[in-house]
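Here's the structure we're looking at; comments come further down.
Read-outs throughout are calculated quantities, based only on the coordinates presented, and are distinct from any laboratory measurement. Because the structure is predicted, anything quoted here is derived from the model rather than measured. All Cβ positions, even for glycine, are placed from backbone atoms using ideal geometry, and neighbour counts span all protein chains on display.
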Amino acid sequence: MDLSQILPVPNLLEAKRVVAFSPHPDDNEMGAGGTLAKLAGMGTEIFWVVASDGGVGTEALGVTPDDLIALRRKEQEGAAELLGAREVRWLGFKDTRLRDDLRLLESRVVAVIRDLQPDFVMCPDPWLPYEAHPDHRALGHAVSTALLMANFGLVFPEAGAPVPAPKIAYYGSAWPNTTIDVTQTFDLKLQALMMHASQWPAPLDQQIPMYLTLQAASLGENIGVDRAEAFKVLTPHHLHFNVDTWQA
Ligand SMILES: [Zn+2]
């Protein structure tokens, strides 16, 4: 069955306002930095929402969470600005602890959606096979839940008045349905990602750009361009009781 005949895949490049939800500082850049910069250049309003404080993201000894949080906040503000974000919002949850109170996480995400009223949201695909990080799974699920509920005022009444539900573009998806040409913004993506310098001790500072470049070149081949990023773009209707969505 071709689901797209009944439920077309939305066009991400027509987005007017995107709220990109990131489990940690750096995930939006890694998964969607080229596309977010491209959209910003086209006049789309881009907002970064970082769910956790990034306070345990280091293998270095002798670093305190408070120092790391402050450093990562600075790295994130600079990187988001470079890619054209209007604003970075912080939900303030503790790193690796997003699943501790899923109801609260969902409520906070709904509140952001009801406040900013985006027509598209982004986040990691929580159904990525072998995704072991609990924050990526928790935030992906919370944003998906919020998509189903943002327009129902009797649900999450503490999170503000209902708004039309946005569409969603999952990054880091095993079953993408949308490939975006990011040839013009790929260098900027890498530059922004590397601004999260606390995350890339050698040899990661070499390996990560190399891996992402090979991946972007490979995705680009699918649509005949040099560099691309891929997304699973869906509507709220895809996200409930729809057995065909995985192949949409
Ligand atoms: Zn992450």
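Starting from the Cα-Cα distance between Asn242 and Val155, subtract it from 0.36 nm times their residue separation and give me the gain in nm to one decimal.
Values: separation 87, 0.36 × 87 = 31.32 nm, distance 2.17 nm.
Computed gain between Asn242 and Val155 is 29.1 nm.
When Rg is the radius of gyration of the Cα atoms in the stretch 60-210 and Rh is its Kirkwood radius, what does Rg/Rh come to? All intermediate terms of the calculation are to be shown ahead of the outcome.
Values: Rg = 17.0 Å, Rh = 17.4 Å.
Value, to two decimals: 0.98.
How high is the relative contact order of the stretch 135-176, given as a whole-number percent (alpha carbon pairs under 8 Å, six or more residues apart)?
Working: 20 pairs, mean separation 13.1, N = 42.
It comes to 31 percent, rounded to a whole number.
With a Förster radius of 25 Å applied to the C-beta separation of Lys16 and Gln191, the computed FRET efficiency comes to 0.45. Among the chymotrypsin sites (Phe, Trp or Tyr not before Pro) within the stretch 29-132, those in coil by DSSP and having at most 12 neighbouring Cβ atoms inside 10 Å are Tyr130.
Using Cβ counts within 10 Å as a stand-in for footprinting exposure, how do Leu105, Leu154 rank, fewest first?
On the way: Leu105 25, Leu154 7.
Fewest-to-most ranking of Leu105, Leu154: Leu154, Leu105.
Considering only beta bridges that DSSP places wholly inside the stretch 3-247, some 30 percent are antiparallel.
Report relative contact order for the stretch 3-247 in percent, whole number only (criteria: Cα-Cα under 8 Å, sequence separation at least 6). Computed value for the stretch 3-247: 25 percent relative contact order.
Among Met194, Met42, Met149, sorting on how many other beta-carbon atoms sit within 10 Å of each Cβ, with the fewest leading, yields Met42, Met194, Met149.
Close amide H partners of Thr178, meaning residues 5 or more places away or on another chain with modelled amide H under 5 Å apart, are Phe231, Val233. Mind checking which of Thr178, Val49, Phe156 is farthest towards the positive end of the chain's charge dipole, using Cβ charges of +1 (Lys, Arg) and -1 (Asp, Glu) about the Cα centre? Toward the positive end, the furthest listed residue is Phe156. For the stretch 45-104, the convex hull spanned by the alpha carbon atoms encloses 90 Å³ per residue. The slack in the chain from Val163 to Glu131, taken as 0.36 nm per residue of separation less the alpha-carbon distance, amounts to 8.4 nm. When His237, His136, His24, His141 are sorted by how many other C-beta atoms sit within 10 angstrom of their C-beta, beginning with the fewest, the order is His237, His141, His136, His24.
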